[in-house]
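The values are calculated or read from the model by the stated rules, or taken from the named source; none is laboratory data. Bear in mind that the values here come from a model prediction, so they are computed numbers and not experimental data. In this analysis, Cβ positions are derived from the backbone assuming ideal geometry, glycine residues included, and neighbour counts consider all displayed protein chains.
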Amino acid sequence: MKLRVVALLLLISLLSGSLLAPVSAADSFPMPPQPKWWAQSGLTDVRYGIWLPCNAEWGISNDCVQGINLYKLDGSAAGPLTYQPLKGFEPSKAVQEWVITQTPGGEAIENSARVKDLMDSIGHWKLPDGITNTDGTNLINSYIHLMLNSLQINTTGYDQDKSSLPEGYYFEFQIKSSKFSKSVKWVLSNVRDPQISISGDLITVKGVPENSPSAKFGDQVCESNLLRAKTTQRNIAINLIYSDAGNKTTDTRPDDVILGTNGWWCLSDFRFDRESQQIIVKVGNAHFDEFGNEIQGWMELKVKGKRAREWWGIDPAIAAGYAKVQISYQDGSSKIATVTSVYDPKNDWINLRAYGFTYSSPQLAISFKMPKQTPKIVEPKKTTITCMKGKSSKKVSGIKPKCPSGYKKK
């Protein structure tokens, strides 16, 4: 079956940098031509283009996929996936080329790589025994590649337009890279409960695939639209961002901010705005699904407690109670999303869920600020005194009561 890989566009403002040619890709798998954005990547010794499975026979031991595992929702292991090498594929003879896409500003860029003249997938993995996609097949396509500003994990059922990944499982991806493991900043995805951990050169990413509307290739879903999605399938797109993501913080960690949303197509703005003290996220998708139903937006966000203390000056356990997500649309209208937010002290995360918004391309502004307290006006207490004049007495009440002329306070 011919694999039709849809290049999934993530465009985030670039950082300046010097021209750095990767030297770590010393194995036999040639990279594509150097992309023009490489000079601005800030990376050194990291492969651009496709990342294959780690394979001693191929001599690939770095910038590669160590493994993919499946877990049930209760956390118990469902088993590892098994890589299925494409018959006759030899990495040393493969020629990579770039899929060219356009930025919202109209600039053509090398967005993702593919192997030239390849008629089938080099990213097939077999699911554990007894587990299948919705069409009954037991193979998935997992395409992992370095692109503009991120390393993307793009995983679909065997036929990405007609088949969904198995329901009720976490997918865990283990990626080995001695250099990129030190460069990951924030994480964005279309999965529920997105998670990441990094130990040495091993990056582990995990999440639950969700039904995700996919726009037709070339549709401008990042602008106000009434477009229909091409299909809605349960798939995975996770982007490990290596640019600063606009947060301008020191000691940035990959688990500072982890985002999951079904509007991840237009994340051209994803940052912490210090002036407004908000996390800004621009999301987008087609307005309708393939059946003409309005797509309901959702977002799951994990914010490290340390950042809540730094950004909002508030204990994260308290901050969770003040979570607010303001939605601004391109027509100037705005609304407040429905939000649930809890603090996980074990992992020091604020877990926020927001829903109740639609697409095309709204901007979400997330904050955990405690509302300003209006000073309470304390009314002075009135007192009562007794005033005497001879045998006559009179009671006088007031804030500072005084006896009338001729009377003396008793």
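Residues to consider are Asn293, Asn285; find the one that is without any contact (Cβ under 8 Å) to a residue 12 or more places away in the chain and over 11 Å from Leu188 (Cα atoms). Before the answer, list the steps.
Details: Asn285 fails: without any contact (Cβ under 8 Å) to a residue 12 or more places away in the chain.
Residue meeting the stated conditions: Asn293.
Out of the stretch 318-334, which residues are within 17 Å of Trp349 (Cα to Cα) and of a type in the set (Ser, Thr, Tyr)?
The answer is Tyr322, and nothing else.
Please indicate, with yes or no, whether at least one residue in the stretch 348-365 is on the phi < 0 side of the Ramachandran plot and modelled with pLDDT under 85.
Initially, the stretch 348-365 is screened for residues on the phi < 0 side of the Ramachandran plot, giving 349-355, 357-365.
With modelled with pLDDT under 85 added as a condition, the list becomes 360-361.
Yes: one or more hits.
Sort out which residues of the stretch 113-140 are buried (at least 18 other Cβ atoms within 10 Å of the Cβ) and among the basic types (Lys, Arg), and write them in order of number.
Matches in the stretch 113-140: Arg114 only.
When the stretch 160-192 is examined, which residues are found to be more than 24 Å from Arg47 (Cα to Cα), surrounded by fewer than 24 Cβ atoms within 10 Å (Cβ to Cβ) and either within 14 Å of the chain's Cα centre (by Cα) or without any contact (Cβ under 8 Å) to a residue 24 or more places away in the chain (or both)?
Across the stretch 160-192, the qualifying residue is only Arg192.
Tell me, yes or no, whether the stretch 57-71 has at least one residue that is in contact with a Phe, Trp or Tyr (Cβ under 9 Å, 6 or more places away or on another chain), modelled with pLDDT under 95, part of a loop (DSSP other than H, G, I, E, B) and more than 30 Å from Asn133 (Cα to Cα).
Checked the stretch 57-71: at least one residue is in contact with a Phe, Trp or Tyr (Cβ under 9 Å, 6 or more places away or on another chain), modelled with pLDDT under 95, part of a loop (DSSP other than H, G, I, E, B) and more than 30 Å from Asn133 (Cα to Cα).
Find all pairs meeting these conditions: Cβ atoms under 6 angstrom apart; at least six residues apart or on different chains; first residue within the stretch 139-159 and not in a strand (DSSP E or B); second residue not hydrophobic (A, V, I, L, M, F, W, C).
Asn149/Ser243; Tyr158/Asn133; Tyr158/Thr137
Could you count how many residues in the stretch 72-88 are among the basic types (Lys, Arg) and modelled with pLDDT under 95? If you could, list the steps in order and put the result at the bottom.
As a first pass, look at the stretch 72-88 and keep what is among the basic types (Lys, Arg): 72, 87.
After this cut, where a residue has to be modelled with pLDDT under 95 as well, the list is 87.
Qualifying residue count, the stretch 72-88: 1.
Within the stretch 203-225, track down each residue that is crowded, with 16+ Cβ neighbours inside 10 Å and hydrophobic (A, V, I, L, M, F, W, C).
Ile203, Val205, Val208, Ala215, Val221, Cys222
Report, by residue number, each residue of the stretch 171-190 that is at pLDDT below 95 and under 21 Å from Arg234 (Cα atoms).
Val187, Leu188, Ser189, Asn190 - these are the residues of the stretch 171-190 that are at pLDDT below 95 and under 21 Å from Arg234 (Cα atoms).
Which fully enclosed strands (runs of 3 or more DSSP E) of the stretch 290-372 have 2 or more residues being closer than 24 Å to Asn211 by Cα and of a type outside the set (Lys, Arg)? Quick ask: steps written out before the conclusion?
Working: elements: 296-304, 324-328, 334-336, 338-344, 349-358, 363-367.
Those strands (runs of 3 or more DSSP E) span 296-304, 324-328, 338-344, 349-358, 363-367.
Out of contact with any strand residue (DSSP E or B) (no Cβ under 7 Å at 6 or more places or on another chain), crowded, with 21+ Cβ neighbours inside 10 Å and not β-branched (Val, Ile, Thr): which single residue out of Gly321, Gly263, Gly284, Gly297 fits that description? First the steps, then the outcome.
Numbers: Gly321 fails: crowded, with 21+ Cβ neighbours inside 10 Å; Gly263 fails: out of contact with any strand residue (DSSP E or B) (no Cβ under 7 Å at 6 or more places or on another chain); Gly297 fails: out of contact with any strand residue (DSSP E or B) (no Cβ under 7 Å at 6 or more places or on another chain).
Only one candidate passes the filter, namely Gly284.
Could you tell me whether Gln195 is buried (at least 21 other Cβ atoms within 10 Å of the Cβ), in contact with a Gly (Cβ under 7 Å, 6 or more places away or on another chain) and either part of a strand (DSSP E or B) or of a type in the set (D, E, K, R) (or both)?
On the way: buried (at least 21 other Cβ atoms within 10 Å of the Cβ): no; in contact with a Gly (Cβ under 7 Å, 6 or more places away or on another chain): yes; either part of a strand (DSSP E or B) or of a type in the set (D, E, K, R) (or both): yes.
Answer is no for this residue.
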